[in-house]
Amino acid sequence: MSEINTLAAFYAFSGGALWLLGSLLFIGFDKTNTQANRWLGAFYCILACAFTQLFLEGFGIGGGFFIHLLELPRWAMLPCLYMAVNHYVSPSSLKKDWLLHFVPFLLFLIFSLVYLMPDLFNGQNHLPVLPPWIRFIVRYFFFGQTVYYWIVCFFLLRRHQKNLKMVASFTEKIDLEWLRYLLISVLFLIFVRILSISNIHVTYYSPILYFLGIILLAYLTLSQKSIYATETYPAAEKSEITPKKALNERLTPEQVEELKHIVMRKTVGDKLYLDPSLTLSALSDKIGISTHELSYILNNGVGKNFYQFINELRTEEAKSLLLSEDTRHLDMLGVAIRAGFNSKTTFYTTFKKATNLTPKEYIKANSAAG
């Protein structure tokens, strides 16, 4: 029994860590991601309620009324995570329908206030007997809600990372990669919960597994990068669902070909790609066409998104620099910067993808050929 209680104590560690983490997010330890962090803080605080409940039940502490109070906000947990991810991927947009995501929680709250809590408040330690269909909803709705919102959050982040390459040539500081790992950590907690229902060994060690998952959540949250200001591209999503006919009516094939030559001449001839901070809107201003037209020309005329187009031109520049006698004194970071890259990571990744060689391998291969 003492060993079981020792393991159950990890629920207290998990709950305490989550309460602390949620409080830090609410008071605003990071002033740039305030709204998103507050929603994430709400998610952590509700999750802390769940672990506090598990701890109290494990040690037989607290009455039915208090335990139910801790369980009450659970249906709002995953909507809070969804709102947090939504604000991380689009911090400037107004979420007009946010209240709709909390309708199930509000209904459960009303149901509890009317049917459940009066009996608990009057001294009963157990919930009243409910009809089978209500018990089914209460038991399984949260699981379905969890799976649904995790999938939605994952695709929100994927769409954000995809759309970034439509407008930016440098994405390391705005791709929210840390958030992807945070969602994976949440998925780990979900799997532990699922496996603990069916596997006695996982059930036994689940308090420790939960604690390890929460430590990872805390690390990722506290080491998050700020949301850097970046332009939005409202048509990035819309263009994916706009019929080709409508797009063709705006720009004919002849116009696309003509504008493609202008884009290539300006971008390559004036070496606009050497600007490490170049974005879609900046390039469209320098060329003299709209961002929507430029994006359409790149996607349909050149066959590349903005990120691919600019970084492949930078790769060609880097090839020349790597073999030039005038730049032999530069290290790889120096070559990357001279070629227009803002990051050695982007330089290496793009160069390897384009040539199947690292920059050093490219130098060696061309030296041997010479």
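Read-outs throughout are calculated quantities, based only on the coordinates presented, and are distinct from any laboratory measurement. Note that this is a predicted model, so its numbers are computed, not measured. For neighbour counting, all protein chains shown are included, and Cβ atoms are generated from backbone atoms with ideal geometry for every residue, glycine included.
The table below lists the values:
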{"quantity": "Estimated FRET transfer efficiency (Val268, Trp133; beta-carbon r; R0 51 Å; 0.05)", "calculated": "0.15"}
{"quantity": "Inter-label distance, nm, simple model (7 Å from Cα along the C-beta direction), Ser281/Ile151", "calculated": "3.5 nm"}
{"quantity": "Estimated distance in nm for a label pair at Leu212 and Arg159, the labels positioned 7 Å out from Cα along Cα-to-Cβ", "calculated": "3.5 nm"}
{"quantity": "Trypsin sites (Lys or Arg not before Pro) within segment 278-370: DSSP coil, no more than 15 neighbouring Cβ in 10 Å", "calculated": "Lys304, Arg328"}
{"quantity": "Residue order, fewest to most beta carbons within 10 Å, for Phe26, Phe191", "calculated": "Phe191, Phe26"}
{"quantity": "Listed residue pairs exceeding 26 Å between alpha carbons, taken from Lys173/Lys260; Lys96/Lys162; Lys162/Lys260; Lys173/Lys364; Lys266/Lys364", "calculated": "Lys173/Lys260; Lys173/Lys364; Lys266/Lys364"}
{"quantity": "Cα gyration tensor, segment 235-369 - rounded (a/c under 1.5), prolate or oblate", "calculated": "prolate"}
{"quantity": "Within segment 138-170, backbone nitrogen closer than 17 Å to the virtual label 7 Å beyond the Cα of Asn199 toward Cβ", "calculated": "none"}
{"quantity": "Potential lengthening between Asn300 and Ile363 on full extension [0.36 nm per residue; Cα-Cα distance subtracted]", "calculated": "19.3 nm"}
